[in-house]
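The values are calculated or read from the model by the stated rules, or taken from the named source; none is laboratory data. From a predicted model like this one, the values you see are computed outputs, not experimental measurements. Note that each Cβ is placed from the backbone with ideal geometry, even for glycine, and that neighbours are counted across all protein chains shown. Ligands, DNA and RNA are stripped out before the accessible areas are found, and what is left, the full protein with its side chains, is counted by its heavy atoms. Shrake-Rupley method; radii C 1.70, N 1.55, O 1.52, S 1.80 Å.
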Amino acid sequence: MSSALVFPLKCAVQQYAWGKVGSDSEVAKLSASNDSNFVVDNSATYAELWMGTHPKGPSTIVSPGMPDTSLAQWVQDNPTALGEKVLHKFDKQLPFLFKVLSVNTSLSIQAHPAKRHAEELHAARPDKYPDPNHKPEMAIALTPFEGFCGFRPLEEIVGFLKGVAEFQAVVGSEAAEALMTAQSSGQPDQVAQAMQKCFTALMTCDKDTVAKQLASLLDRLSKHGDVAMSDSNKELFQRLHSQFPGDVGCFVTFFLNHMRLQPGEAMFLGPNKPHAYLSGDCMECMACSDNVVRAGLTPKYIDVTTLCEMLEYVPSSPQQQIFPCQKHPTDSAVSIYNPPVPDFAVARIQIPADCAQPCTYTLEAVDSASIVLTVEGEGEGTTSSDTNHKVQFSRGSVVFVSADQSVNISCRSKGMLMFRAFCPLD
């Protein structure tokens, strides 16, 4: 059992089918960089790296010469390491799960319920909604990253209804006309009701009609016919259909913003916001929950009625869905992604390559337990509680830092890139 307050973790890798294959996966490359026993199989998928205490992929504490110890058990035995405010608000639990995702094929079209709704869903269907917690998420791009997030601007959706006959056919003329009328009214409530009517009509359209209209549109696109779609929308529609043939989710392309995040850009997926990850590598942080309401692009359980009833029907632009980071007030190396939830925030720490050598960086103490992943560079850390205790920071290393502990890192490379998840309670 570790007596240190800052220590390395061994973390679980999830090999879901949608993950990137072999050494194309950042998850695989980070894991192999940090563990000489981790052998990358170039025929296998590596989808997610989990850093935290979630029972489906718990991290363990690495202590030389000692058996691995569960981080979850260590936290239960050492609750003050969470920090006083976290300890009291989250009942001796680490409130977040930190991840790296490597996405090769699309994840499901989905949304996550708000806290009260999660409690209701869990009470009614605990087999499908296994806990009573909400699941807000933050995705921060490590590479160019694609996703769906939020509904498109109203004029774009109406433009597709007018210009893509197959899309109007699956939505239906009545719902399409209601949305066009709402657009003319300019009334947000009327727009939201009409958008819900259109989206629900699509998601509940009978499978034969969906299959017929998908085939028609694909045929027109293959013949380079006159279709009112940009080249990028055409490519995305065809790509989704190649991954999920005949799936109604392919038509969701016309409803949701197609996000193209560059490294360092982020999107926040709050309650009731429709989204899906499409491709690329990202950091992800979320509240600890398994509650997902799905309705397309997935072989998993779908709950169309719940999803259509719960969504936030607010038109927006892709730029509005990019979540802004804030510069740290005193540390120019740190950018903070602080969403409007108490469960988590993420700090991006970029120590510049031109840092004067020898370069020493202080990972500041915060009043919350935190988890630090090193993506680039290397260094050796000493802690504020024990200057003789050395902790290695290198590509793929994951380090747990107890509350109120600072770490002085002596950099051994030109620059470092780290991400730190913590609980931002004031």
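Please report the spacing between the Cα centers of segment 158-195 and segment 92-133 in Å, no decimals.
First find each Cα centre; the distance between them is then 31 Å.
What residues from segment 273-292 fall in the zone where the backbone N is under 17 Å from a label point 7 Å along the Cα-to-C-beta line of residue 230?
It comes to 278-279, nothing else.
In terms of the Cα gyration tensor, with a ≥ b ≥ c the square roots of its eigenvalues, is segment 153-296 rounded because a/c is under 1.5, prolate because a/b exceeds b/c, or oblate?
Oblate, because a/c is 1.5 or more while a/b does not exceed b/c.
Projected area of segment 1-79, taken from the Cα convex hull and averaged over every viewing direction, in nm²?
It is 5.7 nm².
How would you order 34-41, 161-168, 315-322, 245-252 from highest to lowest mean count of nearby Cβ atoms within 10 Å?
Result, highest mean Cβ count within 10 Å first: 245-252, 161-168, 315-322, 34-41.
Calculate what fraction, in whole %, of the accessible area of segment 10-146 sits on carbon and sulfur atoms when a 1.4 Å probe is rolled over the protein chains.
50 percent
Count the DSSP beta bridges whose two residues both fall in the chain, then state the antiparallel fraction as a percent rounded to the nearest 5.
Among the beta bridges of the chain, antiparallel pairing accounts for roughly 100 percent.
Is it possible to state the helix-based mean residue ellipticity at 222 nm for the chain, with each DSSP H run of 4+ residues giving -39500 (n - 2.57), the sum divided by total residues, to the nearest 500 deg cm²/dmol? What is it?
Rounded to the nearest 500, the figure is -8000 deg cm²/dmol.
Can you list the lysines whose alpha carbon is less than 28 Å from that of residue 223, not counting same-chain residues fewer than 8 positions off?
Residue 223 reaches 162, 207, 212, 234.
Of the residues 140, 409, 371, which exhibits the maximal mean-square fluctuation in a Gaussian network model of the chain defined by a 10 Å Cα contact cut-off?
409
What FRET efficiency would be calculated for the residue pair residue 174, residue 222, taking the C-beta separation as r and a Förster radius of 35 Å, to the nearest 0.05?
0.70
Measure off, as a whole percent, the carbon and sulfur share of the 1.4 Å-probe accessible area of segment 219-296, all protein chains present.
Looking at segment 219-296 in its full context, I get 48 percent from C and S.
What is the gain in length, in nm to one decimal, between residue 116 and residue 410 on full extension, counting 0.36 nm per residue of separation less the C-alpha to C-alpha distance?
101.2 nm
Measure nothing but the geometry: give the 0 to 90° angle between the long axis through the Cα atoms of 154-163 and the longest principal axis through the Cα atoms of the chain, rounded to 10°.
40 degrees
Using a basic spin-label model with each label point 7 Å from the Cα along Cα→Cβ, how many nm lie between residue 355 and residue 33?
In this crude spin-label approximation the distance works out to 1.5 nm.
Taking the C-alpha atoms of the chain, how large are the radius of gyration and the largest Cα-Cα span, Dmax, in Å?
Rg and Dmax of the chain, Cα atoms, are 23.0, 72 Å.
How far, in degrees from 0 to 90, does helix 207-222 lean away from the longest principal axis of the Cα atoms of the chain, to the nearest 10?
Tilt relative to the chain: about 90 degrees.
Step by step: find N for segment 114-222, compute 2.2 N^0.38 Å, then divide the Cα radius of gyration by it. What's the final number?
1.36
Starting from segment 286-378, pick out the trypsin sites (Lys or Arg not before Pro) whose DSSP state is loop and whose Cβ has at most 16 other Cβ atoms within 10 Å.
When the trypsin sites (Lys or Arg not before Pro) of segment 286-378 are filtered for loop state and at most 16 Cβ neighbours within 10 Å, 300 remain.
Tell me, what is the 1.4 Å probe accessible area of residue 18, in Å² to the nearest 10?
40 Å²
Could you please tell me the mean projected area of the C-alpha convex hull for segment 10-146, averaged over all directions and given in square nanometres to one decimal?
10.5 nm²
Note the angle between two axes, namely the Cα long axis of helix 173-185 and the longest principal axis of the Cα atoms of the chain, as a number of degrees from 0 to 90, rounded to the nearest 10.
So the helix axis and the longest Cα principal axis differ by about 70 degrees.
Need one number: nm distance between label points at residue 187 and residue 89, each 7 Å from Cα along Cα→Cβ, rounded to one decimal.
Here the answer is 4.0 nm between the modelled labels.
Provide the per residue accessible area, probe 1.4 Å, for the chain, rounded to a whole number of square angstrom.
42 Å²
Can you tell me how segment 326-422 classifies by the Cα gyration tensor, rounded, prolate or oblate, using a/c under 1.5 as the rounded cut?
Oblate shape, in that a/c is at least 1.5 and b/c is the bigger or equal ratio.
What FRET efficiency would be calculated for the residue pair residue 365, residue 131, taking the C-beta separation as r and a Förster radius of 45 Å, to the nearest 0.05?
0.90
How big is the gap, in Å, between the Cα center of segment 334-394 and the Cα center of segment 271-291?
24 Å
If segment 231-384 were replaced by its equivalent ellipsoid, with semi-axes equal to the square roots of 5 times the Cα gyration tensor eigenvalues, what would those be, largest first, whole Å?
Sorted largest first and rounded, they come to 37, 19, 15 Å.
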